[in-house]
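These notes are about the structure you will find just below.
The values are calculated or read from the model by the stated rules, or taken from the named source; none is laboratory data. Bear in mind that the values here come from a model prediction, so they are computed numbers and not experimental data. Note that each Cβ is placed from the backbone with ideal geometry, even for glycine, and that neighbours are counted across all protein chains shown.
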Ligand code: URA
């Protein structure tokens, strides 16, 4: 692939902008400066740098973000900064999108990708990918509330009762709750319908994908083989690639 096309595909701007970057001597490939925008390279897995920042070419990109509170899952946020402000500009420019959404005050695992069919597969109601949350409640959780959540609660926008796939009381005011749907405020509404209230919500896993403890709030990492991790049973550690841009060194 021509270098200027390769850079464009990775989010470094229009073809003309990428050509200018190369001509200005700001791009190295495999450690060697390349100022020919039309130079040909085998793209997949190619290591290159722009202004010293290291990148690896990826046709499609999958990211896991440890979402901090006070961020909206929107490109046009209204009241809080956007989760996209936590990513390097080229990843945003190449069009990554969140896989579903978390409320601004919810923390934890948020996947982002520019693979539209992956987003569809993950969020399709037919696929029922389990999502597990740590729920801190205002009041102590009693046995009746756990039973109500497991048996199903009636929500106004769903004709059928919505049941938790799993519900474990881990502390007096803390539940580990697994749901397989992706409705607006689902967990908060389920907890309210069971007679309690959510004080804090943290997503621990999506399918078999769990956040590694080393990933602090606000940090992100590449996910290798997301499909495999998603369907594997139990929340495992995310596969992390080595081609992390400079700005992320030390995050994984
Ligand atoms: N359920 C909620 O109520 N909020 C979230 O952010 C995610 C699931």
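What do you reckon, is residue 33 within 13 Å of the chain's Cα centre (by Cα) and at pLDDT 95 or above? For residue 33, the condition - within 13 Å of the chain's Cα centre (by Cα) and at pLDDT 95 or above - is not met.
The selection criterion, being in the same structural domain as residue 227 (by TED's automatic domain parsing) and either over 17 Å from the mean Cα position of the chain (by Cα) or under 17 Å from residue 224 (Cα atoms) (or both), holds for residue 111.
Take the residues of segment 168-194 that are away from the ligand (no atom under 16 Å from the Cβ) and touching a helix residue (DSSP H, G or I) at 6+ places or on another chain (Cβ under 9 Å): which is nearest to residue 137 (Cα to Cα)? Among them, the one singled out is 169. Among the residues here, residue 148 qualifies as outside the structural domain of residue 99 (by TED's automatic domain parsing), more than 16 Å from the ligand (Cβ to nearest atom) and modelled with pLDDT of 95 or more. Consider residue 154 carefully, then state whether it is away from the ligand (no atom under 14 Å from the Cβ), within 15 Å of residue 186 (Cα to Cα) and without any contact (Cβ under 8 Å) to a residue 24 or more places away in the chain. No: the conditions fail for residue 154.
Number of residues in segment 2-30 that are surrounded by 12 or more Cβ atoms within 10 Å (Cβ to Cβ), more than 29 Å from the chain's Cα centre (by Cα) and either assigned to a loop (DSSP other than H, G, I, E, B) or at pLDDT below 95 (or both): the value is 1.
Inspect all residues belonging to segment 71-92 and state whether any of them is within 16 Å of the ligand (Cβ to nearest atom), closer than 16 Å to residue 218 by Cα, in a helix (DSSP H, G or I) and within 10 Å of the chain's Cα centre (by Cα). Within segment 71-92 (the criterion being within 16 Å of the ligand (Cβ to nearest atom), closer than 16 Å to residue 218 by Cα, in a helix (DSSP H, G or I) and within 10 Å of the chain's Cα centre (by Cα)), the answer is yes, since at least one residue qualifies.
Here residue 45 clears all of (1) surrounded by fewer than 18 Cβ atoms within 10 Å (Cβ to Cβ); (2) not in a loop (DSSP other than H, G, I, E, B) except the condition numbered (2). Tallying residues that are in a strand (DSSP E or B) and either within 11 Å of the ligand (Cβ to nearest atom) or under 21 Å from residue 200 (Cβ atoms) (or both) within segment 94-110 yields 5.
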